[in-house]
Amino acid sequence: MSIRRFFHRRWWDEERARELESYVAIETDENVARGMAPREARLAAERRLGNRTLIREDIYHMNTVAFLDNAWRDVRYAARLLRLNPAFAVVAILSLALGVGANTAIFQLLNAVRIRTLPVKTPNELVEVRLAEPVGGRTGRFMGRRPMLTYPLLEQVRDRQQAFSGLAAWNNTTFNLTTGGEARYALGLLVNGDFFTTLGVHPFAGRVFTASDDVRGCAAPGAVISYGFWQREFGGDGSALGRPLRLEGRSFPIVGVTPPEFFGVDVGRTFDVALPLCAEPLVKPNSDLDKPDVWFLGLFGRLNPGWTLERATAHLEAISPNIVRATLPPRYRAEDAQHYLQFKLAAYPAGTGVSNLRRDYESPLWLLLATTALVLIIACANLANLMLARATAREREIAVRLAIGASRGRVIRQLLAESLLLSTIGAAGGVLLAGWLSQFLVGFLTTENSRVFLDLSTDWRVFAFTAALAVATCLLFGLTPAIRATAAAPGAAMKSGSRGSTDSRERFGLRRGLVVVQVALSLVLVVGALLFVRSLRNLVILDSGFRQTGVLIANLDLHGASIARENRRAVFNDLVARVRALPGVDAAAETFIVPVSGSGWNNRIVVNGEVRKENVNFNAVGIGYFRTMGTALLAGRDFDDRDTPASGKVAIVTEQFAKKFFGGENPIGRTFQIQEGVGVERPVYNIVGLVKDAKYTNLREEFTPIALLAASQDAVPDDPYLQIVLRSGAPLTTITSEVTAALTEANPATIIQFQTMNAVVRDSLLRERLMATLSGLFGLLAGVLATIGLYGVMSYMVERRKNEIGIRMALGADRGDVVGMIMREAGALVAAGMVVGGLAAVGAGRWASTLLFGLRPGDPSTLMLAIAALAAVAGVASYVPAWRASRLEPTEALREE
Amino acid sequence: MAKRKSSPNQGEMLQGTLDLLILRTLALGPAHGHTVAYAIERQSEDVLQVEHGSLYPALHRLEDRGWIASFWGTSENNRRARYYRLTRAGRQQLTEQTNRWEAMVRAINRILKPA
C-alpha cells in the first residue's frame, strides 16, 4: 500500500491539497450563510482549518518510505562529493570499469560456450546418442566436427528405438560456392529429414525439411539457408526462396530460411546452408552413406514424454547388440570386429548443444575468469585505500554528524552510497567495455579455417553476474572504510588536531594489509602470465623439424575438372611440375597431410611378421617435399623419378621410427608392412631414407614415429584433391596470383585455397596465444594497480608523518636515513606480499599445469623473474615518496602543526 | 509504514480517540471531511473541539490502513468534496475499538469512584 503511495506521493499531495481547498470552499459557503462578508468568511474558514502546509507535510511524510527517501538523498549527496573530487571519481570508475568489463566479457563467453542452452524448443529434452564411454578406439575414417556414428548405425537406431519422439542427425561440412579459381566456402550442414522438426525449429521464411525431403537417392533436393546467409548473400530478399543455389557445382533450390537465433547444435559455429543427408552423394566425390566404417554423424534425440536419460540409456543398451551385429563392417579384422561388437549406445545430456570450442576452451576460460576476478580484487583494494584516506580527511565532519545525533548506521549508509554510486557507474562502464572485449576475443578465436560464431547477447545470467559484481565490489571497497570511519568516538576525533603527529597504528595496519594482499595477488598473476608467455615462447622456438616461414600451401579441388580416375596421377604430377617451374618458386611438392594442421592418418605396422603395438603416423609426399619443408635427410635418399607405381614400394622414416622399431640402428634397407583391413593388399615397404624428426599432430606432442610414403607410387588417388606445399621468397600476393594463373591455365575448373605454413602453426597455437596474451595483459594490469596502491599508501604515510620526519631530521637524521626508513617500511610490505603470493602462485599453478609447455607450474626461474620484476617496480613506486620525505625542510614540517 | 512522529494538534483528546470518533461518525453513512468535523463537535455537544485540519492526516491514515475508502462526490451545497465511507474492515475495527474504549472507561471509573 505504502509503496504504491510512495511512487504517487506527488499526486497524493495534490489530491490532498484539492481536498483541503474543498473544505475551505464549503466552510466559506456556510460562513456566508451565517451572514459573514465573503472575504471574512474565507479567512475564518482558513483559520478553522489550521496550517495547510503543516497538514500536507504530515500526510506527505506518511507516504514516504523513509529508507528510500534517505537513500535517494544519500546518492545525491554522494554525487555532489564525487563532482567535487573528479580525479578520484575518474580513477575509481575507470579501474572498476576495467575490472568489471574484463570479468563480464569472460563470463559472457563462458555463458555462451558452456552455460546457455540451445535456442530450440525445450532444449532439456534433447539428448545426444553416441557410443557409451569408454569407447576405447574405433577403426575407420572420421570426418566432420562430431564424428560419432556411421550412416548404417543411424538407420538402425532410427528403426529400432522407442525412446525418442524424434531424431536429429547432422554432419558439419563445407560447400564450395564457386566453380573455378580461388575457393569460396559456405559452412554446410547435412541433416536428416527430421532434424528441424525434432529440434522444434520453425522456418523464418519458406519451410524447413521434413522426412519427405530426405529420401535415399533424392535427385534434386532443396536447400535450407540460415538467416545470416540469407542476409549476407541475398540482402534478406524474400525472392531468394525458390532461387537455385550453386554448391559444389550443382544447383539446389532454396526452400526456406531458419530463424535468426538458430545456429545449429554446434556451439561456437554456425551454418550457412543445410542439405538433406540424401544429397550427400551429390556434393561428395565418394558417398559415405553406405560405408559402415566412416564415422561422420552426430545424433540428437528428443526424449518421449516421461522418459529420462537413464531410461533412454538402458533402452539403447538393450537394442545395441542387434544394431552392431547388423552393421558390422565386413572389412574389419577379427580383432576390430570383436571390439566393434561390444559397442553400446548411450544417451548423454545435450541441452547445451555440443561444442569443440567448449572442449578446448572451457577450462582456459574458467582460469581467465579467476584471473580477472583477482584483478578486480586488486582494483578494489586500491579503492578501499583511497576511501580510507577520504574517510580520514572527513573524520571531523563525521564526528560532528555523530555528535549531533546521527546514528552510526545512518552515517555508514551515507558513506556506502558513495561506494555504490561508484560501483554502479563502474559496472555500467564495464558492460560497455565487455561488449568490445568479448567481440575481440571471438575475433581472436576465429581463424581462416574456422569461423567462430557465438551468440553473445546479454541474457539475465550476464546481467545478474554484472549486478552481483557491482554490489560485491561496492561492499569490498566501501564497507570496511565506512565502518572504520564511524568507529572513532566523536570526542576523540574532534580533539585530535587537523593532523596528528602520528596516526593510529590500527588504521595504518589495515592499509598495510591491503598492500600486502595486492602485492601477493599481483605476484600470482604475474607468475601466471610469465608461465603462459614462456610456454608459448617454448612452443614457438622449439625445433618443429620443418620450416615455417616462406612456405605456402595450395589446396586444389579438381572435381569440377572431371578428370578420369586413372589419369589423376599424371595430372597431379603435371600440376606440381607447373608450380615448380614458376620463377618465384624455389621448391614445391605434393603432400597428403600438412604437419600440425589437425589432419592425421595413423595405423599399426608389421615388422618382421610381427604386429607392433605403437601407432605410426603416415604421410604420402611427392618428390622434393623434404627440400621444400627444410627437413634434413640424414641417410639414404629422397624420393625420385625411380619411384613409380610400377616400382617396388619405398618409404622414408624418421629418427623416432628407427628408434622405436629398429632399436636406433640404421633403418635403410629394412622393411615393414601396414596393417590393412581384411581383403586389402599389404605391400612391403622398403625403407630408402632417414629424415630428422618432425612434429605431426601439434607442436606440443613428443616426436612420434612417422613413415613417409611416395605419393608418386599412388597410381590411382582416391579423391580429386591435391595439396601442394611450395617455398618462395616472393611476396605472398604475387606468388598466389602466379600459382592461381598457372593452375587455372592448365584446368579452368580448378578451385584453389591458399594458406601459409605460418598461419597453420599460428592457428595450432591459438589456445596458447590466447592464454599468453590475456594473462599477460591481466598480469600487467595487476602489476600496475598494485604499484599504484603501494605508491599511494607510501605517499600517504609520508604525508601523515611529516612531523615525525621533521623531528628526526632536526635531531640529526640525514636524508639517507629518511629514505632508508621509508624504503625499509615499503620493503617489509612488499616482502610480506611476495611470500604470501609466492606460496599462492605455486599452489595455484596446478590449475594451469595442463596448459603449460616446457616448464612446471612451480618453475623457480619464472618465480624469481616475477619477483624481481615486481620488486623493481615496487622499489621505484616507494622511492618517490621516500625521496620526497627526505627533501622536507625540518623547520617547515614542524611549523605546519 | 513510515510512522513519523507527527504533531497534529488533537486538542485535549486522547491519542487514538480521534480515529475511533471518525469511524463512529462514518458508521452513520458516507461523509466528507467538513461534515465529519462538525458531526464530532455537534454530537459531543461542543465539548470536543477538533482542529479541523488535524482530521485530514487521520483520514489519510485510516484510508491507508484500509478501514475507510474515499471517492469524490458533490456536497449538499453543490461543491466537489472527497467523501469517505466505512469499509468492512473499518466496521470490524470500530466494534473492536469501541469495546476496548468501554473496557478502559470502566477500569478508570472503578479507580476514580471506588464503590
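When A:Gln231 is tested against the conditions (1) under 30 Å from A:Ile115 (Cβ atoms); (2) in contact with a helix residue (DSSP H, G or I) (Cβ under 7 Å, 6 or more places away or on another chain); (3) of a type in the set (S, T, N, Q), the lone failure is (2). Is it the case that some residue within region A:505-525 is modelled with pLDDT of 90 or more, surrounded by fewer than 18 Cβ atoms within 10 Å (Cβ to Cβ) and in a helix (DSSP H, G or I)? No: zero hits.
On inspection, A:Arg396 qualifies as assigned to a helix (DSSP H, G or I) and either over 29 Å from A:Thr773 (Cα atoms) or open to solvent by less than 10 Å² (accessible area, probe 1.4 Å) (or both).
Residues that are β-branched (Val, Ile, Thr) and at pLDDT 85 or above were ranked within region A:457-471; the one that is farthest from A:Ala112 (Cα to Cα) is A:Val471.
Inspect all residues belonging to region A:143-153 and state whether any of them is within 28 Å of the chain's Cα centre (by Cα) and at pLDDT 95 or above. No, every residue in region A:143-153 fails to be within 28 Å of the chain's Cα centre (by Cα) and at pLDDT 95 or above.
In region B:31-59, of all residues being more than 9 Å from chain A (Cβ to nearest Cβ), in contact (Cβ under 8 Å) with a residue 24 or more places away in the chain and among the small types (Gly, Ala, Ser), the one that is nearest to A:Glu46 (Cα to Cα) corresponds to B:Ala58. The set of residues in region A:860-897 being buried (at least 19 other Cβ atoms within 10 Å of the Cβ) and not aliphatic (A, V, I, L, M) consists of A:Thr862, A:Ser878, A:Pro881, A:Ser886.
Scanning region A:451-464 for residues that are within 20 Å of A:Glu261 (Cα to Cα) and either aliphatic (A, V, I, L, M) or open to solvent by less than 50 Å² (accessible area, probe 1.4 Å) (or both) yields A:Val452, A:Leu454, A:Leu456, A:Asp459, A:Val462. Counting just the residues of region A:399-422 that are open to solvent by less than 70 Å² (accessible area, probe 1.4 Å) and free of Cβ contacts under 8 Å to residues at least 24 places away in the same chain, which one comes out nearest to A:Arg800 (Cα to Cα)? Here the answer is A:Arg401. When the test is whether a residue is in a helix (DSSP H, G or I) and surrounded by fewer than 16 Cβ atoms within 10 Å (Cβ to Cβ), A:Thr53 passes it. For region B:36-77, the set of residues classified as surrounded by fewer than 15 Cβ atoms within 10 Å (Cβ to Cβ), out of contact with any strand residue (DSSP E or B) (no Cβ under 8 Å at 6 or more places or on another chain) and polar (S, T, N, Q) consists of B:Gln43, B:Ser44, B:Gln49, B:Asn77, listed by residue number. Restricted to region A:776-813, and to residues there that are surrounded by fewer than 18 Cβ atoms within 10 Å (Cβ to Cβ) and within 21 Å of A:Val830 (Cα to Cα), the residue that is farthest from the chain's Cα centre (by Cα) is A:Glu799.
For region B:60-82, the set of residues classified as more than 7 Å from chain A (Cβ to nearest Cβ) and either within 26 Å of A:Tyr60 (Cβ to Cβ) or charged (D, E, K, R) (or both) consists of B:Leu62, B:Glu63, B:Arg65, B:Gly66, B:Trp67, B:Ile68, B:Ala69, B:Ser70, B:Phe71, B:Trp72, B:Gly73, B:Glu76, listed by residue number.
Looking across region A:393-435, the residues that are β-branched (Val, Ile, Thr) and farther than 16 Å from A:Leu96 by Cα come down to A:Ile398, A:Val400, A:Ile404, A:Val411, A:Ile412. Kindly indicate whether A:Ala92 is crowded, with 19+ Cβ neighbours inside 10 Å and more than 13 Å from chain B (Cβ to nearest Cβ). Judged against the criteria, A:Ala92 is a match. Assess whether A:Ala379 counts as being over 19 Å from A:Met797 (Cα atoms), open to solvent by 20 Å² or more (accessible area, probe 1.4 Å) and within 46 Å of the chain's Cα centre (by Cα). No, not satisfied. Of the candidates A:Leu84, A:Leu68, the single residue that is aliphatic (A, V, I, L, M) and without any contact (Cβ under 8 Å) to a residue 24 or more places away in the chain is A:Leu84. Among the numbered conditions (1) free of Cβ contacts under 8 Å to residues at least 12 places away in the same chain; (2) open to solvent by 60 Å² or more (accessible area, probe 1.4 Å); (3) part of a helix (DSSP H, G or I), the only one that A:Ala577 does not meet is (2). Those strands (runs of 3 or more DSSP E) of region A:123-238 in which 3 or more residues are in contact with a Lys or Arg (Cβ under 6 Å, 6 or more places away or on another chain) occupy A:164-176. Can we say A:Ala434 is in a helix (DSSP H, G or I) and open to solvent by 40 Å² or more (accessible area, probe 1.4 Å)? Answer is no for this residue.
In region A:267-280, the residues that are assigned to a helix (DSSP H, G or I) form Cβ pairs under 6 Å with partners that are among the hydrophobic types (A, V, I, L, M, F, W, C), at six or more places apart or across chains, as follows: A:Leu277/A:Leu190; A:Cys278/A:Val215; A:Cys278/A:Cys218; A:Glu280/A:Leu190; A:Glu280/A:Leu289.
Every test in (1) aliphatic (A, V, I, L, M); (2) open to solvent by 10 Å² or more (accessible area, probe 1.4 Å); (3) in contact with a His (Cβ under 8 Å, 6 or more places away or on another chain) is passed by A:Ile26 save one, and that test is (2).
For A:Ile59, are the conditions met, namely being in contact (Cβ under 8 Å) with a residue 40 or more places away in the chain, within 14 Å of chain B (Cβ to nearest Cβ) and in contact with a Phe, Trp or Tyr (Cβ under 8 Å, 6 or more places away or on another chain)? The answer is yes for A:Ile59. For the subset of region A:7-34 comprising residues that are within 12 Å of A:Ile59 (Cβ to Cβ) and over 60 Å from the mean Cα position of the chain (by Cα), which member is farthest from the other protein chains (Cβ to nearest Cβ)? Across region A:7-34, the extreme among qualifying residues is A:Ala17. Within the span defined as region A:98-113, one or more residues are at pLDDT 85 or above, over 30 Å from A:Val265 (Cα atoms) and open to solvent by less than 10 Å² (accessible area, probe 1.4 Å).
The values are calculated or read from the model by the stated rules, or taken from the named source; none is laboratory data. This one's a predicted model, so the numbers in the text were calculated from it and none came from an experiment. We place every Cβ from the backbone using ideal geometry, glycine too, and count neighbours over all the protein chains shown. Just the protein is used for accessible areas: all its heavy atoms, side chains included, with ligands, DNA and RNA removed. Shrake-Rupley method; radii C 1.70, N 1.55, O 1.52, S 1.80 Å.
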